[in-house]
Every structure is written in structure tokens, then in C-alpha cells.
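Below: the structure, in C-alpha cells.
Bear in mind these aren't lab numbers, they're just calculated from the coordinates by the rules spelled out. Computed from a prediction, not measured in an experiment: that's the story for all the values here. Positions of Cβ are backbone-derived with ideal geometry, glycine not excepted, and every protein chain shown enters the neighbour counts.
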Amino acid sequence: MATAVFPGSFDPVTIGHMDLIKRALAIFDKLVIGVLANSAKNPFFTEEERVYMLKELTKDIPGTEVIQFNGLLVDFVKETKADAVIRGIRNSIDFEYELPLAQANYKLDYKADTIFLATLPEHSYISSSAVRELVRYKGDIKGFVPDVVYQFIVQKFDYMI
Ligand code: PNS
């Protein structure tokens, strides 16, 4: 059974992430979604909230598991006995950032080899940081995040546009 890890901060989960999860499962039998716990000093969402939202979003997607992790990705890949890492590439900036990370991870452990999935063109402008900025300035985040995340943002930040 082939397993991949899909790591990220998921602060918050976007519809781009959700598309990558579904497409990764067309290649792998199992996908462990690894939520980096301490991704930023002031995350928008706590690690518990990010894990909760991802669990809600994937509860009906067979083959998924959501686990938080700290430390190195290669160690998490080892712990989960995964065969590969999945990362999404939206543009050349992502590629420039991701390539050396993927190469370093491969050097540290060949089992942490990275498979890049090209995001859908209609998702290329979507990012968690754009969502955070929109929430701060009351921009419209519909079309950026799944409904579970939208509802969470409405409650937590008294967000309404
Ligand atoms: O969603 P993000 O913030 O782009 O995800 C980045 C992530 C979690 C994939 C990356 O920061 C990561 O792998 N962090 C764990 C620490 C690590 O292994 N760093 C690489 C050292 S070569």
C-alpha cells in the first residue's frame, strides 16, 4: 500500500489544498496530512483548530489521516512509514522555494522524495496568506476556502462582509 505525506501549515486550509488532497489520493492509497504545529509565532489558527478543520473536511474522503507534527519533515515521513511527500506548485516562485527543500529532504532520506502536483490554473492565486490578509481587511474569502473553514472564520473573527 503506497502512502504519501501532504505536509503544510494549513493556516487555514484552502480549496487549493482540498483539490491537491483529492488528486494525491488518485495516485496513493493513503494520504497522511501532516499539520506543522509551530508554523508561525502568531498563527491565525491554533494547531488544534487546524487539525479539527482538516479532520472535518476529510472525514468522508477514504484513505486520509490528519496528524500534527513538529520538527523535521523527514522524521515525520519515517514515523508514518510514508513512501513520498506531496507538494503543490502554483508558479515559478513556489518551484524555486520547493526544489531545494525537496532536494534536501531527499538527501536526508530517499523515502522523503517529493512529488510536485501542479495546482489547477484557477487556484493559482489562492494561498493561506491571501486568505489571512483578506480576513484582516474584510475582503471576500468565498471561493478561497471550503465552507467549513468559512464558517470557522465567521465565528472566530466575527467576520462578515
Ligand atoms: O504550508 P507551508 O507553510 O508552505 O508548509 C511548509 C512545510 C511544513 C512543508 C515546511 O516548512 C516543512 O517541511 N517544515 C518542517 C521542517 C523541515 O523539515 N524543514 C526542511 C529542512 S531541509
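Span-like helix check, the chain: qualifying full DSSP H segments, with Cα axial length of 18 Å or more and mean Kyte-Doolittle of -0.5 or more, are 92-108. Spacing of the modelled spin labels on Lys81 and Leu99, each 7 Å from Cα toward Cβ, amounts to 3.5 nm.
Compute, for the chain, the length of the dipole vector about the Cα centre, with Cβ point charges of +1 (Lys, Arg) and -1 (Asp, Glu) only. Units Debye, rounded to 20. List each step's numbers first, then the result.
Values: 18 positive and 22 negative charges, 15 e Å.
The calculated dipole for the chain is roughly 80 debye.
Going by a ≥ b ≥ c, the root eigenvalues of the Cα gyration tensor, does the stretch 97-161 fall in the rounded group (a/c under 1.5), the prolate group (a/b larger than b/c) or the oblate group? It comes out prolate by the Cα gyration axes. Per the Debye formula on identical point scatterers at the alpha carbon atoms of the stretch 46-161, with no solvent, log10 I(q)/I(0) at q = 0.11 Å⁻¹ is -0.48.
Among the listed pairs Lys22/Lys81; Lys22/Lys78; Lys30/Lys142; Lys30/Lys59, which are separated by more than 25 Å between their Cα atoms?
Values: Lys22/Lys81 20 Å; Lys22/Lys78 23 Å; Lys30/Lys142 29 Å; Lys30/Lys59 14 Å.
From Lys22/Lys81; Lys22/Lys78; Lys30/Lys142; Lys30/Lys59, over 25 Å: Lys30/Lys142.
For the stretch 18-95, state the average projected area of the convex hull of the C-alpha atoms over all orientations, rounded to one decimal in nm². Average of the hull's projected areas for the stretch 18-95 equals 6.0 nm². Model label points for Lys111 and Glu133, set 7 angstrom from Cα along the Cα-to-Cβ axis, are 3.9 nm apart.
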